[in-house]
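Notes for the one structure printed next.
The values are calculated or read from the model by the stated rules, or taken from the named source; none is laboratory data. Given the structure is predicted, the values throughout are model-derived calculations rather than measurements. Ideal geometry is used to build each Cβ from the backbone, glycine not excepted, and the neighbour counts take in all protein chains shown.
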Amino acid sequence: MAIIFFTFVTVFSQFFLRIESFEVTSIRPSESIRDDNSTLVSIDGSFALGFFTPGSSNNRYVGIWYKTIPIRTVIWVANRCNPINGSSGVLTLDSAGNLVLLDQNKSAVWSTNSSKKASKPIVELLDYGNLVLRDEEDGNSENYLWQSFDYPTDNNMPEMKIGWDLRTGLQRRLSAWRSWDDPCPGDFTYGIELDVQQHSFPEPIIRKGNAKFYRTGPWIGLRFSGSPDLRPNPLFDYGFVYNDEEVYYTYHLKNKSVISRIVMNQTTLTRQRLTWMEAEQTWKPYNSVPRDYCDSYGLCGVNGNCIITENPVCQCLDRFNPKFQDKWSLTDWSGGCIRRSPLRCEEKASDGFIKFSGMKLPDAAHSWVNMSMNLKECRAKCLSNCTCMAYSNSDIRGEGSGCAMWFGDLVDVRQFTAGGQDLFIRMPASELAKAKVNRKVKRAAIVIAVVIGVVCGMILVGCYICRRRRLTEETERNLITSTNEGQEGDLELPLFDLPTIIDATDGFSFNNKLGEGGFGPVYRGMLKGGQEIAVKRLSMSSGQGVNEFKNEVKLIAKLQHRNLVKLFGCCVQDFGMARIFGGDQIEGNTSRVVGTYGYMAPEYAFDGLFSIKSDVFSFGILMLEIISGKKSRGFHHDNNGLTLIGHAWTLQRDGKALELISAHLVESDDYLDEVLRCFHVALLCVQQRPADRPNISSAILMLGGESALPQPKPPGYFMETDQKLEGENSSCKPQSSSTNDISMTVLEPR
């Protein structure tokens, strides 16, 4: 009797283990998955489908989970809101070829409901978690009659499409579990929204109930507009498809050994990307949205701009004011902002646009997109419709392409410190005029700064200190005021010893080199006390002697001319020469010409004559270099050997000035008239005769003014041969041109 009992127990145990480990890789007619621990598994063993009970619930559901992860992580549920009581459920194929879930009463609680019938239906679980129904006799194994990826639950899996099939109207959305033990959809959802009839800009949106909760912004070619941190990474690739048949977002993992998914969480109200950490046996967040306060949908109301680095974060867009100032001051931004100057439809032809950079594009609910238009066509189309409030490129790749327009108030706009996109917002003529004045004020300030840089930088010579702050006592101790008094005491200027200068310039390091003039290079330096200096080191081939050196130092030190940076000290070796004249002089003469090749006025280079108009000539050269993006030194036009200024004058004469202007300055036609005016003034500054050139103050007024400008006469150095003459008649060498390409306000000294 004991032997019989032992045999019974052994058989029962073997039967139990067999049922415990029962697995199949497909379901065909007459086959099924029962709620007896049997499962359908993917070929590679990554995923399993079967019956499960979530959390503390007593209900049974059919779902898919990761088979290789010890923590059961369900990624899809069939009967989300129709649970089965008890363990009598069966998943099988019915006579119509549909996959059906039957309860204890043999009633269908869930079905694939495929409209297409298969001759030989088969159900499989693919290696990336997609449950598919197909016809086994169909030669195309990817021709699915039904697939679970078309009906996602709370997880966005690799290769899954989130979006629309525009041919059938199928919409694929994510929806969070209602709670951790109830997979029925909650009200926290995610999907792509668009108005097909209105050709609106599609964009993914998270909703809490019916209300918008978070927008990623539209796809702009490289990423979503509101996700500047979505960049190429080692974990996954991503993409967005928008055509006449489909619109969807998808991603795939670069390394199959990586386990990563996107999940909607009703409890935390976040959409998270989670990655499985094998060593820690846990799911680790990779990223999550919303990320910050500014990601809250519509936080700043209509026409508001959320800037996370500001306090408060909500600001009105430029040229807009709070609609309800009292509430706005109390951080109630729901009323949003209104225009400072209202638009009038009857005056639409005089409207224009102001560019806002680094923006998250507005809510696309009331938008229109055309992928084939360019930005200029987009501007014209928007301008012709008085309800169009803004436009931008729909694709930022390369030089930008496509057209997106927004109608009515702008909603859910934010500004990023890095990334973002240009958005052109409509403004009435009155606001454009104010903007133009503001730009002119800024431009005038820049011009003045450039003039100062030119005047100081191009006359920059000697061993001197640019005094940005008072010398410290430690620095003053480095000044030698009594060395070699018998020989140099009459200089009446503090002297530096050579080791101090070598230490300050790091041994005249190439990395500290600012540029090079006719008599030697100039270096950036810093004394031990923190004082910044610029040091010109006299070239051995300059031909300048000690007497010339001493006379020049004494003269510069005594004059301290307004156009010279302050000469604060010198060293008896390493000194150059500057052309100088008194503050009450208009012009002067020198028998020794020095300066930087490519910037000297012709009357100075040829005859040693200099005046206040000589610096104007140099300033004109500088402006042409900035406008064209080309260096004056070495410029040679292939067709006729013109210099930069000769070529510029020829183009201006022929009405082709745009051909020389740098492409970066003509990206927006809002500024084109100003660039052309700068071009014109530059040519007036480089005319051959000094008397024809404006003085600096007049040039600044011309740049900031609106009045008509006189036509420029031919410039100096019209032909390349003229530059060769300059090189032959001056002490400058062609190889002594500046090596500093960083800033046009830090020039080759002369």
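For this structure, a couple of remarks:
- Members of segment 492-515 that are polar (S, T, N, Q) and touching a residue at least 12 places away in the same chain (Cβ under 8 Å): 500, 505, 509, 512
- Criterion: in the same structural domain as residue 175 (by TED's automatic domain parsing) and surrounded by fewer than 20 Cβ atoms within 10 Å (Cβ to Cβ) - qualifying residue of 231, 271, 261, 215: 231
- Subset of segment 169-186 (residues that are over 37 Å from the mean Cα position of the chain (by Cα) and either over 29 Å from residue 52 (Cβ atoms) or assigned to a loop (DSSP other than H, G, I, E, B) (or both)): 180, 181
- Residue satisfying condition, being more than 45 Å from the chain's Cα centre (by Cα) and not polar (S, T, N, Q), within set 127, 103, 154: 103
- Test: residue in segment 336-359 that is surrounded by 19 or more Cβ atoms within 10 Å (Cβ to Cβ) and closer than 20 Å to residue 223 by Cβ: yes
- Where a residue in segment 123-150 is among the aromatic types (Phe, Trp, Tyr) and its partner, wherever it lies, is surrounded by fewer than 15 Cβ atoms within 10 Å (Cβ to Cβ) and in a strand (DSSP E or B), with Cβ under 9 Å and at least six apart: 128/252
- One residue alone among 153, 189 is outside any strand (DSSP E or B) and among the polar types (S, T, N, Q), and that residue is 153.
- Filter result for residue 111 (under 23 Å from residue 30 (Cα atoms) and at pLDDT below 95): no
- Any hit, segment 507-522, residues being modelled with pLDDT of 80 or more, at positive phi and surrounded by fewer than 23 Cβ atoms within 10 Å (Cβ to Cβ): yes
- Checking each residue in segment 170-192 for being over 26 Å from residue 62 (Cβ atoms) and out of contact with any Lys or Arg (no Cβ under 9 Å at 6 or more places or on another chain) picks out no residue at all.
- Tallying residues that are part of a helix (DSSP H, G or I) and β-branched (Val, Ile, Thr) within segment 322-367 yields 0.
- In the condition set (1) touching a residue at least 60 places away in the same chain (Cβ under 8 Å); (2) aliphatic (A, V, I, L, M); (3) part of a loop (DSSP other than H, G, I, E, B), residue 404 is compliant with all but (3).
- Search result, residues across segment 371-402 that are over 18 Å from residue 426 (Cβ atoms) and touching a strand residue (DSSP E or B) at 6+ places or on another chain (Cβ under 9 Å): 371, 372, 374, 395, 396, 400, 401, 402
- The single condition among (1) among the polar types (S, T, N, Q); (2) surrounded by 16 or more Cβ atoms within 10 Å (Cβ to Cβ); (3) in contact (Cβ under 8 Å) with a residue 24 or more places away in the chain that residue 315 does not meet is (3).
- Checking 305, 321 one by one, the residue that is without any contact (Cβ under 8 Å) to a residue 24 or more places away in the chain, in the same structural domain as residue 411 (by TED's automatic domain parsing) and more than 15 Å from residue 158 (Cα to Cα) is 321 and no other.
- Qualifying strands (runs of 3 or more DSSP E) (wholly inside segment 198-266; at least 1 residues being in contact with a helix residue (DSSP H, G or I) (Cβ under 6 Å, 6 or more places away or on another chain)): 203-208, 211-215
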